[in-house]
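Single-structure report; data block below.
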Protein chains: 2
Amino acid sequence: MKGDNRLSRMLHVLVHMAQREGPVTSEEMAQMLNTNPVVVRRTMAGLRESGFVQAERGHGGGWRLARGLGDITLLDVYRAIDEPPLFSLRIAEDTPGCLVEQAVNAALDSELSAARERLLRRFGEITLAALAGDFERRWRASSKRATKA
Amino acid sequence: MKGDNRLSRMLHVLVHMAQREGPVTSEEMAQMLNTNPVVVRRTMAGLRESGFVQAERGHGGGWRLARGLGDITLLDVYRAIDEPPLFSLRIAEDTPGCLVEQAVNAALDSELSAARERLLRRFGEITLAALAGDFERRWRASSKRATKA
DNA sequence: ATGATTAGTAACTTTCGAAGTTGCGTGAGA
DNA sequence: TCTCACGCAACTTCGAAAGTTACTAATCAT
């Protein structure tokens, strides 16, 4: 499976938005994500509809956070981008009447559902403020190294 | 992401194999999985190389279990099919030098790794015998209904 | 032997969703 | 009114699993 970058990318730009004074344009975000502004707007649309960011058009426009980083969790972002599938593993329904298949699928479904639930609970406990805090630790560490040299 | 049926399908055919006397051909498995014998052989190849099944060619040939269902766990099967990615979520590496990206990715990676570890540990605790047991419960339940009627 | 059967495998096509791209419309400020 | 920036539809590209075709290599029945 090829994978889905959207959650990772949205978290990235949201933390960047908090580091800046004014609004951030899709063009700037596209550079951060090494992609195209349309891709950014498409994915950000969900965050806008969920009220985590606001967009303004025209001169001086762009995107702003509508809530503090401490008020947004990874779970919020995951939901805002429409809860894409978490797992690559898919449960086959090749022979729906087969009781063996049903038994196998029940077991897999039970484990995957439990794993999903645990993971999303953790996502709900992690705010973007925590990510920003980690970023600042990394930043201080790297500027210390730079100052020494 | 489109998903990956291989684990689910392999579990399905392995439990079927234990329900039968002689070997099972790829053609028969393909019918169980509603697919093509080549797809079956391709995926079963990993199980053969890992020693969970044996294949014989020619008349009366086909596939046999090389170990009891109680000796094979979901984790064994997952490993035998080459440990495909568990998650659809991918961690973006769009701007490798960016400390914000690094902080986001570290958090995601940590959660996904923990979730993977927990899930695989559970897989290691579930034998195919347990799946077969559940199948038999379902079978008895359905034949009881059939007898009543 | 020889013919039928079944696995092994390479090479190619199909499928499906995320990502990327193009083009045009809309609103807002200089 | 010109430019900037988002909104959005429609199309193309990309990647991996699944599916298909075609052939080879064993093995057994006759």
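When A:GLN31, A:GLN19 are checked against the criterion of being away from DNA strand C (no atom under 16 Å from the Cβ) and under 17 Å from B:VAL104 (Cβ atoms), a single residue qualifies: A:GLN19. Residues that are without any contact (Cβ under 8 Å) to a residue 60 or more places away in the chain and more than 16 Å from DNA strand D (Cβ to nearest atom) within the range A:70-85 comprise A:GLY70, A:ASP71, A:ILE72, A:THR73, A:LEU75, A:ASP76, A:ARG79, A:GLU83, listed in sequence order. Every test in (1) surrounded by 15 or more Cβ atoms within 10 Å (Cβ to Cβ); (2) assigned to a helix (DSSP H, G or I) is passed by B:VAL38 save one, and that test is (1). The residues listed here are B:SER8, B:SER26; of these, the one that is polar (S, T, N, Q), more than 10 Å from DNA strand C (Cβ to nearest atom) and at pLDDT 95 or above is B:SER8.
Of all residues in the range B:16-35, count the ones that are closer than 16 Å to A:ILE91 by Cα and buried (at least 21 other Cβ atoms within 10 Å of the Cβ). The qualifying residues number 1.
Within the range B:1-12, residues that are within 7 Å of chain A (Cβ to nearest Cβ) reach partners that are near DNA strand D (Cβ under 9 Å from one of its atoms) and assigned to a helix (DSSP H, G or I) with beta carbons closer than 7 Å, at six or more positions or on different chains, in the pairs B:ARG9/B:LEU33; B:ARG9/B:THR43; B:HIS12/B:LEU33. A:VAL100 satisfies every condition listed in (1) of a type in the set (Val, Ile, Thr); (2) farther than 21 Å from B:ALA106 by Cβ; (3) under 15 Å from the mean Cα position of the chain (by Cα) except (3).
The set of residues in the range A:103-149 being out of contact with any helix residue (DSSP H, G or I) (no Cβ under 6 Å at 6 or more places or on another chain) and of a type in the set (S, T, N, Q) consists of A:ASN105, A:SER110, A:SER113, A:SER142, A:SER143, A:THR147. Is it the case that the range A:18-31 has a residue that's in contact (Cβ under 8 Å) with a residue 60 or more places away in the chain, in a loop (DSSP other than H, G, I, E, B), of a type in the set (S, T, N, Q) and farther than 30 Å from B:GLY124 by Cβ? Yes.
So in the range A:115-140, with the set limited to residues that are facing chain B (nearest Cβ under 8 Å) and of a type in the set (A, V, I, L, M), which one is farthest from B:TRP139 (Cα to Cα)? Filtering the range A:115-140 for residues that are facing chain B (nearest Cβ under 8 Å) and of a type in the set (A, V, I, L, M), the one farthest from B:TRP139 (Cα to Cα) comes out as A:ALA132. Looking only at residues that are within 14 Å of DNA strand D (Cβ to nearest atom), surrounded by fewer than 16 Cβ atoms within 10 Å (Cβ to Cβ) and not in a helix (DSSP H, G or I) in the range B:41-63, which one is nearest to the other protein chains (Cβ to nearest Cβ)? Across the range B:41-63, the extreme among qualifying residues is B:GLN54. When restricted to residues that are in a loop (DSSP other than H, G, I, E, B), in contact with a helix residue (DSSP H, G or I) (Cβ under 8 Å, 6 or more places away or on another chain) and at the interface with chain A (Cβ under 7 Å from one of its Cβ atoms), the range B:68-97 contains 7.
Restricting attention to the range B:13-40, which residues are within 22 Å of B:GLY133 (Cα to Cα), out of contact with any strand residue (DSSP E or B) (no Cβ under 8 Å at 6 or more places or on another chain) and facing chain A (nearest Cβ under 10 Å)?
Filtering the range B:13-40 for residues within 22 Å of B:GLY133 (Cα to Cα) gives B:13-24, B:29, B:32-33.
Adding the requirement that they be out of contact with any strand residue (DSSP E or B) (no Cβ under 8 Å at 6 or more places or on another chain) leaves B:15, B:19-21, B:32-33.
Listed by number, the residues that qualify are B:VAL15, B:GLN19, B:MET32, B:LEU33.
The values are calculated or read from the model by the stated rules, or taken from the named source; none is laboratory data. Here the structure is a predicted model, which is why all the values come from computation and not from measurement. Because the Cβ atoms are built from the backbone with ideal geometry, glycine has one as well, and the counts that use them run over all protein chains shown.
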